Every structure is written in structure tokens, then in C-alpha cells.
Amino acid sequence: MVERVLKERYAIQQCLGKNAGRQTLLARDLQTQELVVIKILTFSADFQWDDLKLFEREATTLQSLSHPAIPRYLDHFEFQTPKTKGLALVQSYIEAKSLAEWVELGRKFNEKEIKQIANKLLEILIYLQHQNPPVIHRDIKPSNILLADRSPLKQKHSALNKGGWLGEVYLVDFGSVQTLAAREGSTVTVVGTYGYMPPEQFGGRAVPASDLYGLGATLIYLVTGVHPADLPQEDLRINFEPKIALSSEFVDWLQWMTEPDLNSRLTTADRALKGLEKPREAIPLVVRKPSSSKVKLKKYRNSLEIVVPSSYPLCLTIAGSVIAFFILSYFFLASLSFIMPAFSIGSSFVRLSAEIAVFFWVFYFVYLSLPIILQFLLLFDATRLRLDRKQISFTSNWLGLVRYNLRPPSPRMAICKLRFIVDEPTESRPHPHRDIQIWAGTQEYKLITSHLTDGEIDWIAGELSEWLDLPISE
């Protein structure tokens, strides 16, 4: 039992929560008269060293953070009573209910309000992920997100501006916090809450994208009123039916946030906020597509397809067709000079029947038109690069009809490098040109762009870099 006053300063008011060997208390600071939250770790029979490691990490992390939506570190000390001994962490008190409490009270959230919550939390996660080293919360869930009541002043201000003010949003309970530096070279404790933990966290691995999964699962709870652990799953993906009207773009974004595969999930809070404010298809490009480009690019959340048309210019195709016409006409007429004598009897020429004449003229036109047709079909030849959540494939449409692989497909997760290849100038090509190369393990995929403009090459490379989340190297 903890004393009613700790450190002769903090008067305990009530118990907010209790786990094995841990308590969360509401207390009053007798020096400042402010309410504070005290987290207690006692060295009892069920004490574990991992609990001490996490407790000390929480205290160290809170000391380094300063954000209005995160509890402030106030104090950290040891205490001892006649019956127990332990550690105490004091932090600022936030007067607000958790999202879990609001839902239990019957509060409903519409899409606009849920987006406001997502926006506020992503701003907090951006702050955490920009720390050096990045901070990973690892236990984002409805009970660890507080939503304060709307203040009268802000309600009045929002009414004047005809906008809805949801209330301040806070992220609390950093008891499971981890930094990327702390993970290196140490044993990682598996923590989190089932239903809000991504698959990689079950194996003790947590990255910034792991918090995005927890946030996405929390928002799914708000739109369904059901904990994700109780919702059906397919290939580890959460299948949810919203109880409120949601736009298809927002549903797509929630699915993107909760992708079980790290390679398919949003990677950072910055990108998640960008995708929330402007769906992926509407994100403006750093380099825009040149207006005269014939390259086709189809970009979706789960796939990217680039079709580069044939490098054969129309003028060369027409010239090739004309040359082929005259050459084949010459060989055809020459061949007739050898064929016609075969239909002679003695010295008199036997006139060919009408059927044979028709056959030769049809053959003549087919013989001449075939290369012309083949030349024009080259205009419809195209190279197709496709990426999706499973693999990268590189194909060609031969003559616009038959598709075949230029390279064997490779797993999407094997993609490790994106770069330009610059060919040196030659006598026939006085200016250097760039091709785009993608490495997937040991497999090379080279997109030939010698017939494209620099603007097209920069546009394609920028799209690939953005979608793959890989920098472009020379």
C-alpha cells in the first residue's frame, strides 16, 4: 500500500489504474497545488526486470520531450515504506476522457471529426519521429488517446467561423516507449495491445510505421465501435464495415495505414498526414508530366504501372514502309520472270487462267503489305514496368499483341536501389542520356529512356522514388 503522501509533497487523491506491480495515481502537488499523475513501480513478488527497463526508459524519454499534447515530465524518485519499495514517475495531469471512454459513453464521431483526431495525432507522431533517435510509442490505442471537452471560447470561435472544433487531443502512457537506438544490440521486450499491434511488433520489432498501424486501428474502432481484435481478418488485414458514412478515399487511407506488410504500409507520419490531407492520386508532383509525353503512368495505393511507348519515330516507320514496298516489288517482279516460262508450251505462251491471275495479284498485295503492317505495328510496341505489393514485373508488348517478360519478376520487398545510369556520348549520339535502373536483390530492371526527354525522365524517376520511398542515386 502506497502512503497517502509521497516525498512529503504529493498527496494521493485516487487510483486511476492498477496492474501487476504497477499503479497510476492521481495526486496533488502540495507545493504548486496542481494535480499530477504519478506512475508507481513497486519491487514486489511479481516484479520483473523488463518492467524496470521500460519504467526507466519512459522517464528518460519524457524528460527529453516537450510537446503540448504529451504529458510533461515533472519528477522521478525512489520511495520506501514499511511494506514496499519502488520508483515513482511524476508527470502533468490532463483533464480529459480517453477515446475509449467517449465511445463507451455513446459518443459518435463523423468522418470530419475522425480526420481531425487523425490529423492531431499525426502531428504528435511527426514530432516523435523527428526526434534523434526517433521515438516509437508502441501502444497507441483508444485508452491512450485523450480528447478534451470543447472550451466555451473555442466553441464560440468555431461557431463564428462556421467550423466544428472537436477539442484538444493528447497522447499519453509512454510506458511501452522505445527508441530506435535502444533497440540496437539489445533484447527487445514485446509490448502492445492485441488488435492494435502490427504483425512485426509480435516479433519484438517496432519501427515508426508500427505506430501508424496502431493509429489506423484506433480510427477503425471509432468508425465501427468494435475493437479490431473482434473484427474479421483476411490475410491479416482488418475487414471493417463502417457504421457511419465514409468517403472511399478515407477508407482507402485507413486500409493503407493498417497494411500488415511493412512494405505496403505508410512509412512515416509525414507521408500519412500528406495522404490524409490529399489522397495519393491528388498529391502534386515535384516534377510534373510534360504535356507532350506519350508515356502512360497509372498510380494507385497498391500498384504503379509505367508504359513507355515504342522508340520508333513515325517518320522512320513510314520511310521503312516505302523502302520495303520498292524492294519487295522488285523481287516479286523478278520472280515472275522465272515463273512465267513454266507456263509456256514449246515456243507459244499459254495465257494464265483468270483464277491463277487473281491468285498472283492477291499474293502480290499481301506480299507487299505485310512489311508495311509490321512496320506500323512497331508504333504500338511498348515496355511496361509494373509494381504492386507483391512483386515487380518488366514486360514488353511485341507488335502490340504478344506480351512477354523482359526480366523475371522479383519480390517487391527485394527492391533496394533506384538510380540513373548515364551513358557516355558517342559519334552517333553526341549527347549523354540517362536510363532508369531498379535493383531488386541481384536482379536489374532497366527502363530504356534514350528516346524520352529529360523532363519525362525526371518525372518518371520522381514518381518511382515517391512510390517506392527510395532516394534516386547517380
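Quick look at the numbers
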{"item": "Residue count, region 9-46 (criterion: of a type in the set (A, V, I, L, M) and surrounded by 18 or more Cβ atoms within 10 Å (Cβ to Cβ))", "result": "7"}
{"item": "Boolean, Leu125 is in contact (Cβ under 8 Å) with a residue 60 or more places away in the chain, in contact with an Asp or Glu (Cβ under 6 Å, 6 or more places away or on another chain) and assigned by TED's automatic domain parsing to the domain that holds Arg271", "result": "yes"}
{"item": "Test: Glu200 is in a helix (DSSP H, G or I) and at pLDDT 95 or above", "result": "no"}
{"item": "Residue match in region 17-25 (condition: of a type in the set (Lys, Arg) and within 39 Å of the chain's Cα centre (by Cα))", "result": "yes"}
{"item": "Residue that is farthest from Leu128 (Cα to Cα), among those in region 47-63 that are modelled with pLDDT of 90 or more and hydrophobic (A, V, I, L, M, F, W, C)", "result": "Phe55"}
{"item": "Residue in region 151-170 that is nearest to the chain's Cα centre (by Cα), counting only those that are at pLDDT below 90 and of a type in the set (Ser, Thr, Tyr)", "result": "Ser158"}
{"item": "Candidates Leu418, Leu406, Leu464 - the one that is modelled with pLDDT under 85 and under 19 Å from Arg386 (Cα atoms)", "result": "Leu406"}
{"item": "Odd one out for Ser44, checked against (1) under 27 Å from Gln129 (Cα atoms); (2) in a loop (DSSP other than H, G, I, E, B); (3) hydroxyl-bearing (Ser, Thr, Tyr)", "result": "(1)"}
{"item": "Within region 64-113, considering residues that are part of a helix (DSSP H, G or I) and of a type outside the set (D, E, K, R), the one nearest to Leu128 (Cα to Cα)", "result": "Ser64"}
{"item": "Of all residues making up region 128-150, the number that are outside any helix (DSSP H, G or I), on the phi < 0 side of the Ramachandran plot, touching a residue at least 40 places away in the same chain (Cβ under 8 Å) and under 20 Å from the mean Cα position of the chain (by Cα)", "result": "5"}
{"item": "Qualifying positions in region 94-134 - among the hydroxyl-bearing types (Ser, Thr, Tyr) and closer than 12 Å to Ala69 by Cα", "result": "Tyr127"}
{"item": "Hits in region 1-51 - residues which are under 14 Å from Gly175 (Cα atoms), touching a strand residue (DSSP E or B) at 6+ places or on another chain (Cβ under 9 Å) and touching a residue at least 24 places away in the same chain (Cβ under 8 Å)", "result": "Gly21, Arg22, Val37, Ile38, Lys39, Ile40, Leu41, Asp51"}
{"item": "Selection count where residues are touching a residue at least 12 places away in the same chain (Cβ under 8 Å), touching a strand residue (DSSP E or B) at 6+ places or on another chain (Cβ under 7 Å) and either among the acidic types (Asp, Glu) or surrounded by fewer than 16 Cβ atoms within 10 Å (Cβ to Cβ) (or both), scope region 64-84", "result": "3"}
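Residues checked against (1) modelled with pLDDT of 90 or more; (2) under 14 Å from Gln91 (Cα atoms); (3) of a type outside the set (A, V, I, L, M, F, W, C); (4) touching a Gly at 6+ places or on another chain (Cβ under 7 Å):
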| site | (1), (2), (3), (4) |
| --- | --- |
| Val2 | no, no, no, no |
| Glu8 | yes, no, yes, no |
| Gln14 | yes, no, yes, no |
| Gly17 | no, no, yes, no |
| Ala20 | no, no, no, no |
| Leu25 | yes, yes, no, no |
| Asp29 | yes, yes, yes, no |
| Thr32 | yes, yes, yes, no |
| Val36 | yes, yes, no, no |
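The values are calculated or read from the model by the stated rules, or taken from the named source; none is laboratory data. Predicted model, so just to flag it, every value in this text is computed and none were measured. Note that we place each Cβ from the backbone using ideal geometry, even for glycine, and neighbour counts take in every protein chain shown.
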